[in-house]
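The values are calculated or read from the model by the stated rules, or taken from the named source; none is laboratory data. What you are looking at is a predicted structure, and each value in this text was computed from that prediction instead of being measured. Neighbour counts are summed over all protein chains in view; Cβ atoms, including those assigned to glycine, are modelled from backbone coordinates with ideal geometry.
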Amino acid sequence: MKRACGRGARRATLASMALACGCLAGAAEPTPSSPVKIAVFEFELVDASPAAVLLGKSTDAAATLGKATSAAREELAHSGRYQVIDASKSAIPGAPAKGLRDCDGCEAPLALQLGAEQSLLGIVQRATQTDYYVVIQIRDARSGSLIDQQEANFAGSEEGWPSGVRMLIKHQVLARPD
């Protein structure tokens, strides 16, 4: 009988230890980290459509690019993973007048000036009037190194660009692990 009590006591002790370990393991779980500060720059257009290349007839898509930029900022902010910092041209002293897409990562130090940890540069590349690519580059603001680059092809008119941007961010940028 003494032996049975010993087993019961051991089981109770083991059960208590397991419960304590479970509680400790739960307490040791990392707390959610604070959102990453990301400077989202205005989206830029590369018009490689036949109308632009052959005929020199590129449309002014500034309003639609503005909607695409807003869509990116909203999708990132709603994710909870990012704190979006507005990086419109008016907020950045020393930003290149003709765009950031050809400056080989010059947006990273500009993002750092704005207090961001990362930068996001978005480019819409129009292939035809109804076919376009969205390219998103995310860089570390301190080092300038490319953290992530995502690209997707979409079909539709200019009015679909914001939707394409949202889909790319939601299904590719935010889908990657931190």
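Miscellaneous remarks
- When residue 135 is tested against (1) part of a strand (DSSP E or B); (2) buried (at least 21 other Cβ atoms within 10 Å of the Cβ); (3) not polar (S, T, N, Q), just one condition goes unmet, and that condition is (2).
- Filter pass, residue 118 being modelled with pLDDT of 90 or more and assigned by TED's automatic domain parsing to the domain that holds residue 49: yes
- Scanning region 146-155 finds no residues that are aromatic (Phe, Trp, Tyr) and outside any strand (DSSP E or B).
- Condition check for residue 169 on (1) over 10 Å from the mean Cα position of the chain (by Cα); (2) buried (at least 21 other Cβ atoms within 10 Å of the Cβ); (3) in contact (Cβ under 8 Å) with a residue 60 or more places away in the chain: one failure, at (1).
- Pairs meeting the criteria (first residue in region 99-112 and in the same structural domain as residue 124 (by TED's automatic domain parsing), second residue β-branched (Val, Ile, Thr), beta carbons under 8 Å, at least 6 apart or on different chains) are 101/46; 101/123; 110/92; 111/38; 111/85.
- Qualifying residues in region 149-166 (those that are more than 18 Å from residue 66 (Cβ to Cβ) and within 17 Å of the chain's Cα centre (by Cα)) - the one surrounded by the most Cβ atoms within 10 Å (Cβ to Cβ): 150
- Filtering region 122-132 to residues that are crowded, with 18+ Cβ neighbours inside 10 Å and over 15 Å from residue 103 (Cα atoms) leaves 124, 125, 126, 132.
- Region 27-61, residues that are at pLDDT 75 or above, over 22 Å from the mean Cα position of the chain (by Cα) and not in a loop (DSSP other than H, G, I, E, B): 47
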